[in-house]
Amino acid sequence: MRRLLVIEDGSEYSDFARLYLADEFEVTTARSASEALRMLAAESADAFLFDLRFDRAEPGTLVGDVDATARRLFGGDRGRALRYLQDQQGALILAELRSAGHAQPAVFVHDFPERRLANLRQLYGSVAAVASFDARAIGALLSR
Amino acid sequence: MAEELWRRRDFDAHRSWLAVDPNSRQGREARRRLSRADQRYREGVRRLERGEPGARDALLEGVAIAPMDPALYLPLARACRARGLEVRAEDYYKKFLRLRPDHPQAPAARLELGALDPELQGIFEPEPSQTPAPAVPIRPPPSVSLVPAFAAGAIAFAAAVALFARLFRRGLPLARLAAESPELQPSIAYLVSSVRHELLKHRIGAIGDAVRALGKGEATAEQRAFLAARLYGGEPLVLAWRGHVRAFERALGPRLDLRRADRGFREAGRAIGRIAALERALAAGDARAAERLAWAHRKLLELDADLAALATRLVRTTVDEVLLEEVVREVRSEYAAGRVELDALVIGPVAPGVSVEVFRFDLVLVLKNVVRNAILAVGRSAPPRRIALDVGVELEPTGEEAVRVRVRDTSTEALTTEAIYERRVDRGLGLVTAALTRYDGAIEVEAGSQGWAKGVTVRLFRALQSSSGVAS
């Protein structure tokens, strides 16, 4: 059976995947970039299902430099920079996985603007998104 | 003398200050102080317009330095009117019209003052030209005695025409007012959001399923009860609607004509009236009443969709050459920044098709402060005095894009990002940080290169359209 690595800060995506995608995928879950990289080092995956927002994650586990982000994008405001890193964490974890050589198809459940999705593809290769938890659409994208 | 007039709070003191010989020491000092005061006054007016704290302090700082340019009485009057300070607004309108009766904005100011207090209408009309009065004959010939009657008739006719024109003159619909008055856009967006959220969403949008079911004759008792509660429970719909319309009129002034000139609001008003009249018929299960309700519901949803589109348009600003030219033009028209002789002011390159989710008025405010600061700084430095503005886009690792508006200059004056955020520089730049914080933006001072001493970069996220059509 194919393996799906779900990367999220809670359990909603994993619960959904186990409920609707269990026929096709064996589902495992990582809650940070470092945990995902450890799991992938032990056993590879065929596809990634990403949460974008990680607002329940511990700040120390987030990908991204709060100070540098604060300086460049938020006028030195660390609070806003931290919220930004939380809100965009899924994309930043994908960047980490790609840097480590993991090029598997990645799917987000998010209503990305078209241009942003094109940007993500330009940066990270195989990236797709669906606007809502549509099991059939997600399954089709993960199986491509 | 000029100083004395100012100390006596003479509201025309500004003119006497400008009259002091600019080549004298006192003249130079007067202009320097006028320039400093002008910045404080403008900031005070801006804060008042935006409802930000510190307006009074900024204005008082200006008062402590030098008299105010009478041209500022008009924006001050408008800001007071928008904040509901009608007595003060009236006072500033009067001062503006007394001191600047021929200003291009004077006709508009007269109208606005007249709307504040109809008794003041006409009082500030321009004086007739001062030609010597003809000598009055002691005993006019019989044919001349018709002249007064003719003149009276002409005056009566003109008055009738003016009254007719006033009665039937239409103001502007909301969308056009927004397009013509960028300074009103934040208020318009707020008012639109209020009427959409409080009335169109909660009382009208929420009953969509019930209205459809009613139209098909399939409405359940729960749906009927829900519909009745939303439409006829609580504050009567007609009063709620009138309240919102009045809020628009009070905040946006007499140029707005929602009741006659704005088709969407006119039809929505009619739809609200129709809904109010249907209460008994709907309760009695009248099928024709259900049809009428469906029509009214559709009209109100159309208004909601139009307002949603307007709100999106208002908050989205294209960052192009036109915008940058407007910023430069406005700054150069100011007293202090207009007097700096520049060797070059270059606009471009500008990345094409770039928009940000910032009210145009606010973006212009931010960029004007950055450009003004750069021009004044190069004016205090040795030549060459050059300024350049450009716009670029940076791709973020999240797939988002940051729009970078950069203002480079040749001033050798020290400026750091920290100094801007800690408000250790001109307060105009401090205002920029407050505005940018609202829009998740940032300002950064970068080291210069290729002949530039430094660059001040404003970064904002690029506005992108989501696949579902909702701005993201």
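What to note about this one:
- Check on B:T437, open to solvent by 30 Å² or more (accessible area, probe 1.4 Å), out of contact with any Ser or Thr (no Cβ under 9 Å at 6 or more places or on another chain) and under 30 Å from B:G62 (Cα atoms): yes
- When A:G64, A:G10, A:G76, A:G60 are screened for being small (G, A, S) and farther than 30 Å from B:E446 by Cα, only A:G10 passes.
- Qualifying residues in region B:76-94 (those that are open to solvent by less than 40 Å² (accessible area, probe 1.4 Å) and at pLDDT 85 or above) - the one nearest to B:P254 (Cα to Cα): B:A77
- Residue match in region B:422-432 (condition: at pLDDT 95 or above, open to solvent by less than 30 Å² (accessible area, probe 1.4 Å) and away from chain A (no Cβ under 11 Å)): no
- Evaluated against (1) farther than 25 Å from B:G441 by Cα; (2) in a helix (DSSP H, G or I); (3) in contact (Cβ under 8 Å) with a residue 12 or more places away in the chain, A:A140 falls short on exactly one condition, (3).
- Within the option set B:L282, B:L303, being hydrophobic (A, V, I, L, M, F, W, C), at pLDDT below 95 and open to solvent by less than 30 Å² (accessible area, probe 1.4 Å) holds for one residue only, B:L282.
- Apart from one condition, B:R259 fits all of (1) under 30 Å from B:R81 (Cβ atoms); (2) in contact (Cβ under 8 Å) with a residue 24 or more places away in the chain; the exception is (2).
- Considering only residues in region B:34-72 that are part of a loop (DSSP other than H, G, I, E, B) and acidic (D, E), the one that is farthest from B:R15 (Cα to Cα) turns out to be B:E52.
- Flag if B:P75 is touching a residue at least 24 places away in the same chain (Cβ under 8 Å) and in a helix (DSSP H, G or I): yes
- Within region B:380-414, the residues that satisfy the criterion of being more than 14 Å from chain A (Cβ to nearest Cβ) and open to solvent by 30 Å² or more (accessible area, probe 1.4 Å) are B:R380, B:A382, B:P383, B:P384, B:R385, B:R386, B:R408, B:T412, B:E413, B:A414.
- Members of region B:449-472 that are at pLDDT below 90 and within 13 Å of another protein chain (Cβ to nearest Cβ): B:L464, B:Q465, B:S466, B:S467, B:S468, B:G469, B:V470, B:A471, B:S472
- Residue satisfying condition, being in a helix (DSSP H, G or I) and crowded, with 20+ Cβ neighbours inside 10 Å, within set B:A228, B:A178, B:A206: B:A178
Yes/no per residue for (1) more than 9 Å from chain B (Cβ to nearest Cβ); (2) assigned to a helix (DSSP H, G or I):
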residue: A:D67; (1), (2): yes, yes
residue: A:G75; (1), (2): no, no
residue: A:A81; (1), (2): yes, yes
residue: A:Y84; (1), (2): no, yes
residue: A:A91; (1), (2): no, yes
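To keep it simple, each residue is scored yes or no on (1) in contact (Cβ under 8 Å) with a residue 40 or more places away in the chain; (2) assigned to a helix (DSSP H, G or I).
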{"position": "A:L5", "(1), (2)": "yes, no"}
{"position": "A:Y13", "(1), (2)": "yes, yes"}
{"position": "A:A22", "(1), (2)": "no, no"}
{"position": "A:T28", "(1), (2)": "no, no"}
{"position": "A:E35", "(1), (2)": "no, yes"}
{"position": "A:M39", "(1), (2)": "no, yes"}
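- Residue in region B:441-448 that is in contact (Cβ under 8 Å) with a residue 24 or more places away in the chain, within 14 Å of another protein chain (Cβ to nearest Cβ), buried (at least 20 other Cβ atoms within 10 Å of the Cβ) and part of a loop (DSSP other than H, G, I, E, B) present: yes
- Looking only at residues of region A:38-65 that are more than 14 Å from chain B (Cβ to nearest Cβ) and of a type in the set (A, V, I, L, M), we find that the one that is farthest from B:T398 (Cα to Cα) is A:A42.
- A count restricted to region B:277-324 and to residues that are of a type in the set (D, E, K, R), within 19 Å of the chain's Cα centre (by Cα) and part of a helix (DSSP H, G or I) stands at 1.
- Unmet requirement for B:A419, which otherwise passes all of (1) in a helix (DSSP H, G or I); (2) open to solvent by 30 Å² or more (accessible area, probe 1.4 Å): (2)
- Against the conditions (1) outside any helix (DSSP H, G or I); (2) within 17 Å of A:S32 (Cβ to Cβ), A:A128 satisfies every one except (2).
- For region A:89-100, the set of residues classified as touching a residue at least 24 places away in the same chain (Cβ under 8 Å) and loosely packed, with under 14 Cβ neighbours inside 10 Å consists of A:A100 only.
- Annotation note: Cβ proximity below 6 Å between a residue of region A:101-127 that is away from chain B (no Cβ under 12 Å) and a residue that is open to solvent by 30 Å² or more (accessible area, probe 1.4 Å) and polar (S, T, N, Q) (sequence gap 6+ or interchain) occurs for A:P105/A:S126.
- If the condition is being modelled with pLDDT under 90, closer than 25 Å to B:E401 by Cβ and either hydrophobic (A, V, I, L, M, F, W, C) or open to solvent by less than 30 Å² (accessible area, probe 1.4 Å) (or both), then region A:104-142 contributes only A:A131.
The values are calculated or read from the model by the stated rules, or taken from the named source; none is laboratory data. All of these numbers come straight from a predicted model, not from anything done at the bench. Quick reminder, even Gly has a Cβ in these numbers, built from the backbone with ideal geometry, and neighbours come from all protein chains shown. Surface areas here come from the heavy atoms of the whole protein model, side chains and all, with no ligands, DNA or RNA. Shrake-Rupley method; radii C 1.70, N 1.55, O 1.52, S 1.80 Å.
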